[in-house]
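Working notes, beginning with the structure itself.
Just so it is clear, none of the values below were taken in a lab; they were calculated from the coordinates. None of these values were measured; they are calculated from a predicted model. Reconstructed Cβ throughout: ideal geometry from the backbone, glycine too, with neighbour counts over all protein chains shown.
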Amino acid sequence: MQNPNMDDPAMVPGDAAQQAQEPPMDDAGGPEPAQDEAESQDSGASQQASPDEQGQYNQFVGRAMELIYNQKMFPQVVQMLRGGSNDGQDQKEAGQSGPAAGLAHATAMIITRVYKAAADAGANLSPDVLFHGGTEIFGQLAEISDKAGISDYANDRDKLEGAYFLAVDMATQQLRKAGVVDEAQSKAALQQLQSMDAKGELEQVFRELDAKDQGGSGGEEEQPPPANDNDASMQGGMAPQEEMD
């Protein structure tokens, strides 16, 4: 599936359509969200995606990027990537702490909020949209983490893969807790992922994530938050809530 074009005013309602022409830099000095990354997606998936699926994917990832780069939300996302969050104590009690667990938790949180908002709005997202969209969200957050000097996933493939599988596990648990998927669906998703891994089909995914991180790493000092507030772009449709639980 192709990445959404965040410069397309049709993808961003209200005043955010004008803001989308010049998306803000993130607090970590990272790249502008979801731009010119279509080449990083699996070309086979792009060719197979139906127009409806492509539209769902564009909106799913677009909403996730709006949430991540929201002025109020972004500092909390960076804190979570460092391994701390409002739910940090729960992570420590479960033996999950540090940047890799933080990346997994941040990914799961963003996916769950956007997916639940879509479900509440009556959207029926396909498993492929959830998989490819979730992978893109994970990659964006991993790049932010590297840019902020929190991690070095660009040079640590094992840690990147570990964080990815942990993110999948956390996301399925949170989606079940939110009541948007049932136990059978979550088990089927995990079995499908395990099957893909056994067949080597996830190798392309990890190669793309590697390329994304290597292109965006640099350990740059965090920059001040974006000057504009994207609250307007979070209203209506699949807009998730920005406050942390």
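The table below lists the values:
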| read-out | value |
| --- | --- |
| Two-site FRET efficiency, SER126 against ALA188, from Cβ-Cβ distance with R₀ of 22 Å, rounded to 0.05 | 0.95 |
| All lysines inside 22 Å of LYS159 as judged from Cα atoms, apart from same-chain residues fewer than 8 positions distant | LYS92, LYS147, LYS199, LYS212 |
| Estimated translational D of the range 55-217 in µm²/s (Stokes, Kirkwood radius over Cα pairs; 25 °C; 0.890 mPa s) | 155 |
